[in-house]
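Just so it is clear, none of the values below were taken in a lab; they were calculated from the coordinates. All values derive from a computational prediction rather than experimental measurement. Positions of Cβ are generated from backbone atoms using ideal geometry, with glycine treated the same way; all protein chains shown enter the neighbour counts.
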Amino acid sequence: MQVSPSIELSGLVRHYLFLDIGEAAVLKLRLFSDGSTGIVFNSSSCLFWGGGRLPEAFLYGQITEYKEVYCQGPAQLAIVVFHSQGLSRLLNVPVSGLNNSVIPLGEIFGVDGMTLQKGLGASGELSEKVSQIEDFVRRMLVGHGIGGDPLVASALDVIQRYNGVIHIEELTGIVGCQPRQLERKFNAAVGLSPKHLCNIVRVHAFIKLLQSEDGASLTDCAYESGYYDQAHLIREFRKVTGLTPSQYIKKATPLAVNFLQL
């Protein structure tokens, strides 16, 4: 289930996800980037990534390449999904060093993080869980948070408005800076280059279009999403997801848009 944040936190948090994985067997899951970072609470502690068990509560940075996650037994996940600049705003540090990293929540937020983890484990009502998460984020913003880089915020808005179909020279012309300046700021605030984020946003715009138009062909959706042809679509889609569009549609069961059961 996807839950929207309060208006107060909507500039920082994209949404909250609450997922139930009820299978008893070992499941292979595919995770790929949506340009976001986040915090995961895994009450059952049965998720594995890169050969190791994931912590019960952890922060994750940008995912630059798709990942395989394995779930051994049923799991209940609560995920705070930040906007692209959200993690750097919350931590007030350059976030490119956190790319492809998983960090136990207690190592970042100390006692506050551990208290939230325990509180969510004891809560039954969804509304109570959301309230606890939002109280935690507000406290962390007071202690650490910053307003974010306005130049990056403007560029992110343009990228979303164009669904990722924009050349970097055009983007920098709109926001008023040099390409190297924007790339440096993006690496610090987002953890990705503007071009990399554009590719991710365009893939997700294609997925959204494909899901919203019953019977639409891959070729038609490819052209509408800014790809030159179907071959171009497949190549770029596979870079982000590790799958072809047909595999995504026919062989994967989405738990979220970018988190699939294979």
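Compute the signed sum of charges (Lys and Arg +1, Asp and Glu -1) over the other residues within less than 15 Å, Cβ to Cβ, of I79.
-1
Within the chain, the longest segment free of exposed loop sites, counting GluC sites (Glu not before Pro) that fall outside DSSP classes H, G, I, E and B and have at most 11 other Cβ atoms within 10 Å, spans 126-262. Given Q2, A189, G148, which one lies farthest toward the positive end of the charge dipole of the chain, if we put +1 on the Cβ of every Lys and Arg and -1 on the Cβ of every Asp and Glu? Comparing the listed Cα positions along the dipole, A189 ranks first. Look at the Cα gyration tensor of the stretch 150-242: its axes a ≥ b ≥ c give a/c of at least 1.5 with a/b over b/c, and that counts as prolate. A simple count of charges around Y16, restricted to other residues whose Cβ falls under 15 Å of its Cβ and scoring Lys, Arg +1 and Asp, Glu -1, yields -4.
By definition, a body whose alpha carbon gyration tensor gives a ≥ b ≥ c is oblate when a/c is 1.5 or more and a/b is not larger than b/c, and the chain fits this oblate description. Electrostatic tally near L47: other residues with Cβ closer than 15 Å to its Cβ, Lys and Arg +1, Asp and Glu -1, net 0. The fewest-to-most ranking of F109, F18 by surrounding Cβ atoms within 10 Å reads F18, F109. Put in line by how crowded their Cβ is, counting other Cβ atoms within 10 Å and starting with the fewest, T253, T241 read T253, T241.
Between amide H atoms placed 1.01 Å from N, distances below 5 Å from L255 occur with L260, Q261, all of them 5 or more places distant or on a separate chain. Pair-distance distribution of the stretch 2-143: all C-alpha pairs, bin width 5 Å, starting at 0; shares per bin in whole percent are 2, 9, 20, 25, 22, 15, 6, 1, 0.
Extending 7 Å from the Cα toward the beta-carbon at both D112 and V69 defines two label points whose distance is 2.4 nm.
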